[in-house]
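*Asks:* Okay, here's the structure, questions in a sec.
The values are calculated or read from the model by the stated rules, or taken from the named source; none is laboratory data. Remember, predicted model here, so these are calculated numbers, not experimental data. Cβ: placed from backbone, ideal geometry, glycine included. Neighbour counts: every protein chain shown. Ligands, DNA and RNA are stripped out before the accessible areas are found, and what is left, the full protein with its side chains, is counted by its heavy atoms. Shrake-Rupley method; radii C 1.70, N 1.55, O 1.52, S 1.80 Å.
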Amino acid sequence: EVTKHLLKNRVLWGIILVKGLRGMSLVALLTVLPLYFANDLNFSPPVRGLHIGLLIAAGIVAKPLAGLLSDRLGRKQVLVPGLIWSCAACLMLVVTDQGIMLTLAIILLGLFLYPDQPIITATILEMVDGNVASTALGLTSSASFLLSSFSPLVVGALYELIGIEAALYYVAALFALAAFILVLIPLASSRTNRDDS
């Protein structure tokens, strides 16, 4: 009965969609950026590795801060600006193709590319009954994987047929759509959830 109620939870399905869109954007970026660095910018393997490393390292450094802010301000209050930030950073990559500005854009993109994962997980755990927490997490992970599975094909086709700009616009659009959907989802603040417990 509890599981059936879980599957009827529209807010949860909204979060699943947001998580899926975010997953699509992540795998698309990790697919197209190495191609862009190698084919368009002629980066050597060490320089390509450095930039991808900076992308990941920025997220690792920002994770604790993002988690702290979401605990204090609320999940939605951190997730929505973070998704918009990621969208803006992708658009910055469109107009920045060399030098320190490119490296800076990569670092700025990484600042919220990875930290949103634990915040989304915390959001899911706060909205479901403890008896079905694992079911909810499994459901969201599976749905996100399914949505993400075809994103590398889409971004690869855009890159090959049109160019890196189209690929980055695609990723930026995914972030923007995820932010828009999240704005519409009625989420109780984490502080409210703590007070009620």
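Yes/no matrix, rows are residues, columns are (1) out of contact with any Gly (no Cβ under 6 Å at 6 or more places or on another chain); (2) of a type in the set (A, V, I, L, M, F, W, C); (3) within 12 Å of A62 (Cβ to Cβ):
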position: G82; (1), (2), (3): yes, no, yes
position: S86; (1), (2), (3): yes, no, yes
position: A89; (1), (2), (3): yes, yes, no
position: M92; (1), (2), (3): yes, yes, no
position: D97; (1), (2), (3): yes, no, no
position: T103; (1), (2), (3): yes, no, no
position: I106; (1), (2), (3): yes, yes, no
position: Y114; (1), (2), (3): no, no, yes
position: I120; (1), (2), (3): yes, yes, no
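*Asks:* Can you list the helices (runs of 4 or more DSSP H) found entirely within the stretch 39-139 that contain at least 3 residues being free of Cβ contacts under 8 Å to residues at least 12 places away in the same chain and of a type in the set (A, V, I, L, M)?
*Replies:* On the way: elements: 45-73, 75-95, 99-113, 116-127.
Hits in the stretch 39-139: 45-73, 99-113.
*Asks:* When residues of the stretch 123-147 are filtered for being under 16 Å from I16 (Cβ atoms) and either open to solvent by 40 Å² or more (accessible area, probe 1.4 Å) or at pLDDT 85 or above (or both), how many remain? Break it down into steps so the answer makes sense when it comes.
*Replies:* The first filter runs over the stretch 123-147 and keeps only residues under 16 Å from I16 (Cβ atoms), leaving 123-128, 132-147.
Narrowing further to those that are either open to solvent by 40 Å² or more (accessible area, probe 1.4 Å) or at pLDDT 85 or above (or both): 125-127, 134-135, 137, 139, 141-142, 145-147.
Final tally of qualifying residues: 12.
*Asks:* Another question, if that's okay. Among the residues of the stretch 25-44, is any closer than 26 Å to F145 by Cβ, open to solvent by 40 Å² or more (accessible area, probe 1.4 Å), among the polar types (S, T, N, Q) and touching a Pro at 6+ places or on another chain (Cβ under 7 Å)?
*Replies:* Yes, the stretch 25-44 contains a residue that is closer than 26 Å to F145 by Cβ, open to solvent by 40 Å² or more (accessible area, probe 1.4 Å), among the polar types (S, T, N, Q) and touching a Pro at 6+ places or on another chain (Cβ under 7 Å).
*Asks:* Looking at (1) under 22 Å from Q117 (Cβ atoms); (2) in contact with a helix residue (DSSP H, G or I) (Cβ under 7 Å, 6 or more places away or on another chain); (3) open to solvent by 20 Å² or more (accessible area, probe 1.4 Å), which is the only condition N9 fails?
*Replies:* (2)
*Asks:* Would you check which residues across the stretch 80-105 are more than 19 Å from the chain's Cα centre (by Cα) and among the hydroxyl-bearing types (S, T, Y) and list them?
*Replies:* Correct list: T96, T103.
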